[in-house]
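Chemist: Mind looking over this structure? Questions follow.
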Amino acid sequence: MNSQPTTDLEQGRIGSGLSLGELFLRYFELGGMSSALQLEAFLYNALEPSDHDHDLVAHALNERYVELGGNHPVPYWSDAPTA
């Protein structure tokens, strides 16, 4: 299996230092309704998140970056480059 991150969300998770479990809790606290397994599938591009779910994950990650004294590098759905 490819160990390289496959999405901006997964790259953001790795850069933030959050475990999958920690990210799931933050996502759930923001109102996310997908399971931890679905969240992992979003991160590895095995399942496409809705725009709303993508933004919740991005927001959870960006909050962590702010806690660490950084900016918010993970793009929201509307900010993501289009194909």
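The values are calculated or read from the model by the stated rules, or taken from the named source; none is laboratory data. Predicted, not measured: the structure shown is a model, and the values here were computed from it. Neighbour counts are summed over all protein chains in view; Cβ atoms, including those assigned to glycine, are modelled from backbone coordinates with ideal geometry.
Chemist: Take the residues in the range 6-57 that are of a type in the set (Val, Ile, Thr) and modelled with pLDDT of 95 or more; name whichever of them is nearest to the chain's Cα centre (by Cα).
Modeler: Residue satisfying both the conditions and the ranking: 57.
Chemist: Enumerate the helices (runs of 4 or more DSSP H) found wholly within the range 1-75, keeping only those where 2 or more residues are surrounded by fewer than 20 Cβ atoms within 10 Å (Cβ to Cβ) and touching a Leu at 6+ places or on another chain (Cβ under 7 Å).
Modeler: 36-43
Chemist: Now, a different point. Quick one: what pairs do we get from the range 49-70, first residue within 18 Å of residue 36 (Cβ to Cβ), second among the polar types (S, T, N, Q) and not in a helix (DSSP H, G or I), C-beta under 8 Å, 6+ apart or different chains?
Modeler: Short answer, once both residue conditions are applied: 49/34; 53/34.
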